[in-house]
Amino acid sequence: MPWKDFGVYLITGGLGGLGRIFAKEIAKKVASPTLILVGRNGAFSDDDAIEGATVIFEQVDIADQNAVTA
């Protein structure tokens, strides 16, 4: 399994369909992961919470180098 207990994972497109699938799968398989979800659109809400994980959401376009640097 590529994921480890207490690991930190950056998921681009984090609130999209595949991003959510990966986030939930990681949280289901390991203990206390930190998931950093990055997306151009949307906002993270309580409805997006993933049990067993610390979730950080950043709204940024990763194709924009200045935005990523900031």
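The values are calculated or read from the model by the stated rules, or taken from the named source; none is laboratory data. What you see is a predicted model; the values in this text were computed from it and never measured. Glycine also receives a Cβ, built like all others from the backbone with ideal geometry; neighbour counts cover every protein chain displayed.
The conditions are (1) among the hydroxyl-bearing types (S, T, Y); (2) modelled with pLDDT under 90; (3) surrounded by 16 or more Cβ atoms within 10 Å (Cβ to Cβ), and S45 fails exactly one of them. Which is it?
Failed condition: (3).
Please specify each residue of the stretch 12-30 satisfying the condition of being at pLDDT below 95 and either closer than 19 Å to A63 by Cα or not in a helix (DSSP H, G or I) (or both).
T12, G13, G14, L15, G16, L18, G19
Tally the residues that are farther than 23 Å from P2 by Cα and either touching a Ser or Thr at 6+ places or on another chain (Cβ under 7 Å) or in contact (Cβ under 8 Å) with a residue 12 or more places away in the chain (or both), restricting the search to the stretch 40-70.
Within the stretch 40-70, residues that are farther than 23 Å from P2 by Cα and either touching a Ser or Thr at 6+ places or on another chain (Cβ under 7 Å) or in contact (Cβ under 8 Å) with a residue 12 or more places away in the chain (or both) number 11.
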